[in-house]
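The values are calculated or read from the model by the stated rules, or taken from the named source; none is laboratory data. Predicted model only: the values in this text are computed from it and were never measured. No Cβ is skipped: glycine too gets one built from the backbone with ideal geometry, and neighbour counts run over all protein chains shown. With ligands, DNA and RNA removed, areas are computed over all heavy atoms of the protein, side chains included. Shrake-Rupley method; radii C 1.70, N 1.55, O 1.52, S 1.80 Å.
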Amino acid sequence: MYATGEEETVADAEYVNIWMRPERPARGPKPVYSRAQITEAAIRIADAEGLEAATMRRIAAEIGAGAMSLYRYVPSRDDLVELMADRVMGEIDVTGMPSGDWRADLTRYADGLRAMWLRHPWIATVQRSLPSFGPHQLLLIERLMGVLDAFVSIDENLGLVAILAGYVEGTVREEISAAEEVRRSGLSEAEWMARSSPYIDQVVKSGDYPIFTKIVIEARQPHLSRDDQFRHGLQRVLDCVAAALAGA
């Protein structure tokens, strides 16, 4: 809960998550605001300043409301984050999936997921080990897992989708982290590499690290653009999915 000094009411405790709570109370005046308004304002603030900046006070100022009044619509911090996370998941376009071309569908999903993370880097700070399955996430599950449903068991499907999502998440987390490092240091990635080159030369010349030396001298992947690196790794992941489908 936000620090309001008030205990959760019995009525609040009746709801397992925000999706079970009616947006309009059965009694009382007609709501002036909506969850969608509050969520959109929170996302705008988080995009500009980070998730921690999206407090009820800031959101209320953004939409011209009293901070305390917003608790009628979104009772807790966890609820707000659930609304925000589900809303941005809705940006991933899964219209027309499954199309019959599983590789194209999974590529499209991976590209959409990465783009969403890069638009909303605060999503990397959201801890959601136990998702509450909002409407956008449920639609995503239906369309995405429908892509492989005809080829593998549901358990195999879950595993393959987890591998794909894990690849995208791991890659984009590194992108977001690198961008933050660039912002904090004031150096571009190329400038950082140039500054590190004397040490790298020393390591290579020592002869003690042959595999690292091979990476420095022969590897092309570290010199690709972020987009090309992502695409290269994604194709390897999809090759693994293809092998699993062939085995099934």
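Of all residues in segment 176-208, those being touching a helix residue (DSSP H, G or I) at 6+ places or on another chain (Cβ under 6 Å) and either open to solvent by 60 Å² or more (accessible area, probe 1.4 Å) or touching a residue at least 40 places away in the same chain (Cβ under 8 Å) (or both) number 1. Could you list, in sequence order, the residues of segment 123-157 that are open to solvent by less than 80 Å² (accessible area, probe 1.4 Å), modelled with pLDDT under 95 and part of a loop (DSSP other than H, G, I, E, B)? Answer for segment 123-157, where residues must be open to solvent by less than 80 Å² (accessible area, probe 1.4 Å), modelled with pLDDT under 95 and part of a loop (DSSP other than H, G, I, E, B): V126, R128, P131, S132, G134. When residues in segment 64-85 are screened for being within 11 Å of the chain's Cα centre (by Cα) and open to solvent by 10 Å² or more (accessible area, probe 1.4 Å), 0 of them pass.
Restricted to segment 227-248, and to residues there that are open to solvent by 60 Å² or more (accessible area, probe 1.4 Å) and touching a residue at least 40 places away in the same chain (Cβ under 8 Å), the residue that is farthest from L106 (Cα to Cα) is A248.
Being crowded, with 20+ Cβ neighbours inside 10 Å and either touching a residue at least 60 places away in the same chain (Cβ under 8 Å) or over 24 Å from G233 (Cβ atoms) (or both) is the filter here, so list the residues in segment 86-101 that pass it. D86 - this is the single residue of segment 86-101 that is crowded, with 20+ Cβ neighbours inside 10 Å and either touching a residue at least 60 places away in the same chain (Cβ under 8 Å) or over 24 Å from G233 (Cβ atoms) (or both).
Can you tell me which residue in segment 41-61 is least open to solvent (accessible area, probe 1.4 Å), limited to those that are over 13 Å from W122 (Cβ atoms) and touching an Asp or Glu at 6+ places or on another chain (Cβ under 9 Å)?
First, the residues of segment 41-61 that are over 13 Å from W122 (Cβ atoms): 41, 55-61.
Narrowing the set further to residues that are touching an Asp or Glu at 6+ places or on another chain (Cβ under 9 Å) leaves 41, 58.
Numbers: A41: 0, R58: 86 Å².
The extreme case among them is A41.
With the structure loaded, tell me whether F212 is assigned to a loop (DSSP other than H, G, I, E, B) and surrounded by 12 or more Cβ atoms within 10 Å (Cβ to Cβ) or whether it fails that test. It is false that F212 is assigned to a loop (DSSP other than H, G, I, E, B) and surrounded by 12 or more Cβ atoms within 10 Å (Cβ to Cβ).
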